[in-house]
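Enquirer: Handing you a structure now.
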Amino acid sequence: MMKPCFSPPLAASECLDLTGRGLHCGLVFGPERSGLTNEDVAHCDGIVSIPVSKDHPSLNLAQAIAVVSYECFVRYTSAL
């Protein structure tokens, strides 16, 4: 599968752009232990990759949601 990969700020900007044009945007998060299945990813238009430290190379689900949600909040409030 070839999908575009977005940083959290870019993904938030893309979502804001889509909703500003009257389209829908959704964010899909997978289970913490296994992530999304290939079938789930096949339904998505892109992938968000959160950069992490080499010393701590993973985030839990709540942390990932917080990072992406914060970026969406920042983009939305700056657009008002």
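The values are calculated or read from the model by the stated rules, or taken from the named source; none is laboratory data. Since this is a predicted model, take the numbers as computed values, not measurements. When we count neighbours, we look across all protein chains shown, and the Cβ atoms used for this are built from the backbone with ideal geometry, even at glycine. All accessible areas refer to the heavy atoms of the entire protein, side chains included, with ligands and DNA or RNA removed. Shrake-Rupley method; radii C 1.70, N 1.55, O 1.52, S 1.80 Å.
Enquirer: As an exercise, use a Förster radius of 22 Å and the Cβ-Cβ distance of I50 and V28 to find the FRET efficiency, rounded to the nearest 0.05.
Expert: Working: r = 14 Å, r/R0 = 0.65.
Efficiency, from the Cβ-Cβ distance: 0.95.
Enquirer: Counting only residues 5 or more places away or on other chains, whose amide H sits under 5 Å from the amide H of G30 once H atoms are built in the peptide plane?
Expert: L36
Enquirer: Now a separate question. State, as an integer percentage, the relative contact order of the chain based on alpha-carbon contacts under 8 Å between residues 6 or more apart.
Expert: 49 percent
Enquirer: Follow-up question, since we're still on this one. Equivalent-ellipsoid semi-axes (√(5λ), Cα gyration tensor) for the chain, whole Å, largest first? All intermediate terms of the calculation are to be shown ahead of the outcome.
Expert: Working: eigenvalues 95, 58, 23 Å².
Gyration-tensor ellipsoid for the chain: 22, 17, 11 Å.
Enquirer: Sticking with this one: Do any cysteines in the chain lack another Cys Cβ under 4.7 Å, and if so which?
Expert: C5, C44, C72
Enquirer: In Å², what does the accessible area per residue of the chain work out to with a 1.4 Å probe? Please report the intermediate quantities before stating the final value.
Expert: Numbers: 6130 Å² over 80 residues.
Solvent-accessible surface per residue comes out at 77 Å².
Enquirer: Moving to a separate point now. Quantify, in whole percent, the carbon and sulfur part of the accessible surface of the chain (1.4 Å probe; protein heavy atoms only). Don't skip to the end; give the middle numbers.
Expert: Values: 3500 of 6130 Å².
Exposed carbon and sulfur together represent 57 percent of the surface.
Enquirer: Here is a follow-up. From the phi angles alone, apply the Karplus equation (6.51, -1.76, 1.60; θ = phi - 60°) to region 10-21 and give each ³J(HN,Hα) in whole Hz, x where the residue is Gly or Pro.
Expert: Running phi through 6.51 cos²θ - 1.76 cosθ + 1.60 with θ = phi - 60° gives 5, 4, 5, 5, 4, 5, 5, 4, 4, 5, x, 9 Hz.
Enquirer: Related question: List every residue whose amide H lies under 5 Å from the amide H of I47, counting only residues 5 or more places away in sequence or on a different chain, with H placed 1.01 Å from N in the peptide plane.
Expert: Result for I47 returns C5, F6.
Enquirer: Quick one: helix 61-79 against the long Cα principal axis of the chain, what's the angle to the nearest 10°, folded into 0 to 90?
Expert: Between the helix axis and the principal axis of the chain, the angle is about 20 degrees.
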